[in-house]
Structure formats: C-alpha cells, structure tokens
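The values are calculated or read from the model by the stated rules, or taken from the named source; none is laboratory data. A quick note: this is a predicted structure, and the numbers were derived from the prediction, not measured. Every residue, glycine as well, gets a Cβ built from its backbone with ideal geometry; the counts of neighbours run over all protein chains shown.
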Amino acid sequence: MAELFGPMKEGIAIQIQDMEPNVFKALLSFVYTDLMPEMEVEGEAEEGEGRADEVMWLQHLLAAADRYDLQRLKSMCEERLWGHIDMSSVTFYPWSSCSAPLPRAEGDLPGVPQSSVCCRLGTGHGDK
C-alpha cells in the first residue's frame, strides 16, 4: 500500500506488477472519486462477450482492491459480480468428482439434482 500512498519524490517511477493497465486506471479512479469505476470498452463487443469481459475485469479489480485493502471497492466489486451469477454462469459436477462440495438446502436450485452440488463460477461461455 505504501507504494501508492507513501511519500513521493519528483521523477521517481513506480512499477505496478501483476495488474492490467485498465484495472490500475479503475483503481486510481476509485481512490480519487470514491465511486465505482466503469469498465472501458474497446471496440464493438457482442453482448455475451461484453458480459464475460466485465466479469473478468471485475474479478481483477476485486483482486486489486484486496491487494491494496480498499474494503469499499471490494464490496462494490462483489456486489456487481453477484449480479452476474445465474444458471448459465455455474458449472455443475457429479458429487463423486467434486473436490469442494457446496452445502445447499433441498430445492435451492430447481431442476438440478441434489447430487450435483459441486459448482464453480465461470463466465457462462463454456469455461472448463
């Protein structure tokens, strides 16, 4: 955190590792405005592709918010990510191949057998 908020001297450059430039720009936007930044869209993207890009961007922004302990931004990212969870974004696996079963009550997911309770979040576009 000190690399961003510590004392600065003129002419000194700071290298931020393991972060996409658009994510860092969004992080700085939040620091200066305290508002949820909007994802920058490059070119024309199909609706489904744009959704997948936003999910990926939000996941990276959430990781950056965690890295710099920006709790409010983390909460905002989590809330937006929750909005992307639906039946098309969850992959179900047979119980026998599950390494991390998710507890759930009977009837939580209508039409999904109780034995298929292991799932993971994806983009909804055939993630494996």
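Data table
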| read-out | value |
| --- | --- |
| Identity of the residue in the stretch 33-51, in a helix (DSSP H, G or I) and modelled with pLDDT under 95, that ends up nearest to Lys74 (Cα to Cα) | Arg51 |
| Top-ranked residue of the stretch 52-91 - restricted to ones that are over 24 Å from Leu28 (Cα atoms) and surrounded by fewer than 16 Cβ atoms within 10 Å (Cβ to Cβ), ranked as modelled with the lowest pLDDT | Thr91 |
